[in-house]
1. Taking 7 Å along the Cα-to-C-beta vector as the label spot, tell me the residue 53-residue 83 distance in nanometres, rounded to one decimal.
2. Accessible area of residue 47, 1.4 Å probe, to the nearest 10 Å²?
3. Between the alpha-carbon centers of the range 21-36 and the range 37-115, tell me the distance in whole angstrom.
4. Do you know the relative contact order of the chain, to the nearest whole percent, from alpha carbon pairs under 8 angstrom that are 6+ apart?
5. Taking the full set of protein chains and a 1.4 angstrom probe, give the accessible area of residue 96 in square angstrom, rounded to the nearest 10.
6. If you roll a 1.4 Å probe over the chain with all protein chains in place, what percent of the accessible area is carbon or sulfur?
7. So if the hydrodynamic radius of the chain is defined as the Kirkwood radius over C-alpha pairs, what does Stokes-Einstein give as its diffusion coefficient at 25 °C and 0.890 mPa s, in µm² per second?
8. How high is the relative contact order of the range 74-115? Use alpha-carbon pairs under 8 Å, at least six apart in sequence, and give a whole percent.
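The values are calculated or read from the model by the stated rules, or taken from the named source; none is laboratory data. All of these numbers come straight from a predicted model, not from anything done at the bench. Positions of Cβ are generated from backbone atoms using ideal geometry, with glycine treated the same way; all protein chains shown enter the neighbour counts. SASA here: full protein model, heavy atoms, side chains in, ligands and nucleic acids out. Shrake-Rupley method; radii C 1.70, N 1.55, O 1.52, S 1.80 Å.
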Amino acid sequence: QVQLVESGGGLVQAGGSLRLSCAASGNIFRLSTMGWYRQPPGKQRELVATITYSGNTVYANDVEGRFTISREDAKNTVYLQMNSLKPEDTAVYYCRLRTPGIDSWGQGTQVTVSS
């Protein structure tokens, strides 16, 4: 079982930036698709961004141009750089690892953007 540990969440003013990190255990990270998802208060979990093992990225429409997902295989870590944050970005952010036979989630980290 892969363990994922997110960090970097917190409280920030609108227009500010945060960088989330997600560290994975084990040795399958470099073969996996990594993703960031979020769950706003009272809403369902939604995709934010994904990055494949080869570096291909996908972004949700409302974060495109503001958020950047990246990975550092040597550290088994995926990042989410969030710029120009808006109050509607407030959510619990989750990291996800997928590879054949494995689908693991982190425990989540809270991001709160004040207006």
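1. Each label point lies 7 Å from its Cα, and together they span 3.1 nm.
2. Approximately 70 Å² for this residue.
3. Each part reduced to its Cα centre gives a spacing of 13 Å.
4. Computed value for the chain: 37 percent relative contact order.
5. 40 Å²
6. Answer for the chain is 47 percent, counting heavy atoms of protein chains only.
7. For these conditions, the coefficient is 175 µm²/s.
8. 41 percent
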